[in-house]
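Below is one structure, written out as structure tokens, with a few remarks after it.
The values are calculated or read from the model by the stated rules, or taken from the named source; none is laboratory data. Just so you know, these numbers come straight off a predicted model, no measurement behind them. A quick note on method: Cβ atoms are made from the backbone with ideal geometry, for glycine too, and the neighbour counts reach across all protein chains shown. Keep in mind that these areas ignore ligands, DNA and RNA; they rest on the heavy atoms of the full protein, side chains included. Shrake-Rupley method; radii C 1.70, N 1.55, O 1.52, S 1.80 Å.
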Amino acid sequence: MNHTIWTKPFYYVFAFFVASISLYPILLMILSSFKTSTEIFTSPLAFPKSFTLETYRNLLEQIPFMTFFMNSVIVSGVSVALILVTSSLAAFYIARFTFQWNNMLFFFFLMGMMLPIKLGIVPLFILMKDLELLNTLWSLIFMYTATGIPLSILILTGFFRTMPRELEEAARIDGAGNLRILWNVVLPLMRPALGTVMIIQFIQSWNDFFFPLIFITDDMKKTIPVGMLSLFGEYSADWGALFAGLTLASLPMIILFFIASKQFMEGLTQGAIK
């Protein structure tokens, strides 16, 4: 008991130290968003001399940032919604129904994690061109949905297989069908796994730079990572506006993590235990 009392403060100090190291880059990014380019280079670690919104005004004047922001919101939001719907249906089918090609189907989805999708960028570009999806947000939505489904099915299938079947059998006795069991019985218990999938896939699609660079050439269809390239000139860059854009771009991910962090941590811990 005494040993616990004496060691507990050291745990708090260590946790505070680790949290400070993790949060310091975010704090430095926010502080730099209030500095001019000259001030960023002369005193990069100091507080800004004056907290003004001049860099944010410059950001909105130089590039259509809000258009890029809305494009990213639409692409990431629709992609995550499609991933959650398709992955939950496929994972429930694989985990709860026994058929001859069960393991083969599960392995087929896992192959999407083994094959590097960027190696097939040329045939993918030709496919998007033939489908007339180039320069549209749907090209990004379909790509992020296809690349996000394998990992999501792996996570959700593992959780489905560890859940007791008694609840589903009781619902079937009451006359519920498979879709109603999935929607009313299983998915409410799967919130930790769904929260984990949602955070992972949203961050992946929100931060992706490669596919928007290949499939989108219209400035008004670009997402934030590609659109921010406009702030880099041939010989110079507006670093203050760049940090302001990075700060605004990170807000949705921070808000999403605060909202779903409980489900995310529960999903990681439960997956580790099970």
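So LEU28 fits all but one of (1) over 20 Å from SER250 (Cα atoms); (2) assigned to a helix (DSSP H, G or I); what number is the exception?
The number of the failed condition is (1).
So is PHE202 at pLDDT below 90, surrounded by 18 or more Cβ atoms within 10 Å (Cβ to Cβ) and not basic (Lys, Arg) or not?
no
State whether one or more residues within the range 120-132 are open to solvent by 20 Å² or more (accessible area, probe 1.4 Å), under 29 Å from MET70 (Cα atoms), among the basic types (Lys, Arg) and assigned to a helix (DSSP H, G or I).
Yes: one or more hits.
In the range 113-153, how many are within 19 Å of ALA81 (Cβ to Cβ) and either of a type in the set (A, V, I, L, M) or at pLDDT below 90 (or both)?
Of the residues in that region, 9 qualify.
Note down all Cβ pairs under 7 Å where the first residue falls in the range 140-162 and is within 22 Å of ASN102 (Cβ to Cβ), the second is crowded, with 20+ Cβ neighbours inside 10 Å and of a type in the set (Phe, Trp, Tyr), and they're at least six residues apart or on different chains.
Final answer for the pair search is PHE160/PHE92.
Does VAL197 satisfy the criteria of being more than 19 Å from PHE68 (Cα to Cα), under 20 Å from the mean Cα position of the chain (by Cα), open to solvent by less than 20 Å² (accessible area, probe 1.4 Å) and β-branched (Val, Ile, Thr)?
Spelling it out, VAL197 is indeed more than 19 Å from PHE68 (Cα to Cα), under 20 Å from the mean Cα position of the chain (by Cα), open to solvent by less than 20 Å² (accessible area, probe 1.4 Å) and β-branched (Val, Ile, Thr).
Those residues that are without any contact (Cβ under 8 Å) to a residue 12 or more places away in the chain and either over 18 Å from PRO252 (Cα atoms) or touching a helix residue (DSSP H, G or I) at 6+ places or on another chain (Cβ under 9 Å) (or both), I need them from the range 59-76; list them, please.
LEU60, GLU61, MET66
Residues are listed down the side, and each one gets a yes or a no for (1) in contact with a helix residue (DSSP H, G or I) (Cβ under 8 Å, 6 or more places away or on another chain); (2) surrounded by 10 or more Cβ atoms within 10 Å (Cβ to Cβ); (3) farther than 17 Å from LEU246 by Cβ; (4) at pLDDT 85 or above:
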residue: MET1; (1), (2), (3), (4): no, no, yes, no
residue: PHE34; (1), (2), (3), (4): yes, yes, no, yes
residue: PRO44; (1), (2), (3), (4): yes, yes, no, no
residue: ARG57; (1), (2), (3), (4): no, yes, no, yes
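Specify the residue that is least open to solvent (accessible area, probe 1.4 Å); the eligible residues are those in the range 134-193 that are part of a loop (DSSP other than H, G, I, E, B) and among the aliphatic types (A, V, I, L, M).
Out of the qualifying residues, it is MET190.
Among helices (runs of 4 or more DSSP H) lying entirely in the range 207-274, which contain 3 or more residues that are open to solvent by 70 Å² or more (accessible area, probe 1.4 Å) and modelled with pLDDT of 75 or more?
Those helices (runs of 4 or more DSSP H) span 239-273.
Restricting the search to the range 40-66, which residues are part of a loop (DSSP other than H, G, I, E, B) and among the β-branched types (Val, Ile, Thr)?
Correct list: THR52, ILE63.
Keeping to the range 67-115, report how many residues are outside any helix (DSSP H, G or I) and open to solvent by less than 50 Å² (accessible area, probe 1.4 Å).
1
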